[in-house]
1. Considering each residue of the range 108-122, count those that are polar (S, T, N, Q) and surrounded by 13 or more Cβ atoms within 10 Å (Cβ to Cβ), and give that number.
2. Is it the case that some residue within the range 95-114 is under 16 Å from LEU46 (Cα atoms), under 10 Å from the mean Cα position of the chain (by Cα) and at pLDDT 95 or above?
3. How many residues, within the range 39-86, are in a helix (DSSP H, G or I), without any contact (Cβ under 8 Å) to a residue 24 or more places away in the chain and open to solvent by 30 Å² or more (accessible area, probe 1.4 Å)?
4. Among the residues of the range 87-99, how many are touching a helix residue (DSSP H, G or I) at 6+ places or on another chain (Cβ under 9 Å) and either open to solvent by 40 Å² or more (accessible area, probe 1.4 Å) or closer than 21 Å to ALA36 by Cβ (or both)?
Amino acid sequence: PNPPSHKPPPPPVPHSPAVPHAVATPVATAAAAAAAAPGAAVCFTLSLSGLRCEGCSGTVRTALRAVTGVAYAEVVYAESCAIVSGAAGLCGDALTAAVAAAGFEASVIDQRNVDGSAPAPPLSLLERRELERLRPKLEAALSRVAELEAALAAAGIPAPAPR
């Protein structure tokens, strides 16, 4: 009989700068790298389902990296999650759609600004519609303010101080 093959234990993982005084996990290491990526303003953690192997992880990683605004994307197969960072305008819906297009499922389980603060909640559909409805009125009012300031200046009258 052949002796059983034994793999040596993996080398110890150094402490993560993102998680002081804790052993760095693959997720913590990826999160630290995501936060340090050039152009990163927001960081997402996605829960993934449907991954069957490391090849699946590579497919999801490629799909996430192709999303406009992504600065860093890493998939941690053992934890069935992905860590993604990117520009301030990056949204979780674009990330989950990219994962779905690659044949897997994803949901955003955390979203943070790189500085650690929680991002402002996104506008609802009603709020976005109201903003678009009011935008022309606001632009017209602002252009009238500029016209009035120019007329006052031409008449030698100082403009009122801003409130």
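1. Of all residues in the range 108-122, those polar (S, T, N, Q) come to 111, 113, 117.
Filter once more, so that each one left must be surrounded by 13 or more Cβ atoms within 10 Å (Cβ to Cβ): 111, 113.
Matching residues across the range 108-122 total 2.
2. Yes.
3. Of the range 39-86, the ones in a helix (DSSP H, G or I) are 54-65, 77-79.
Narrowing further to those that are without any contact (Cβ under 8 Å) to a residue 24 or more places away in the chain: 54-55, 57-58, 61, 65.
In the following step, the residues that additionally are open to solvent by 30 Å² or more (accessible area, probe 1.4 Å) were identified as 54-55, 61, 65.
Looking only at that region, the number is 4.
4. First pass over the range 87-99, keeping only residues touching a helix residue (DSSP H, G or I) at 6+ places or on another chain (Cβ under 9 Å): 95, 98-99.
Okay, now just the ones that are also either open to solvent by 40 Å² or more (accessible area, probe 1.4 Å) or closer than 21 Å to ALA36 by Cβ (or both), so 95.
Here the count works out to 1.
The values are calculated or read from the model by the stated rules, or taken from the named source; none is laboratory data. In this text the structure is predicted, and so the values were computed from the model without any measurement. Here Cβ is always computed from backbone atoms with ideal geometry, including for glycine, and neighbour counts include all displayed protein chains. Side chains included, ligands, DNA and RNA excluded: accessible areas come from the protein's heavy atoms. Shrake-Rupley method; radii C 1.70, N 1.55, O 1.52, S 1.80 Å.
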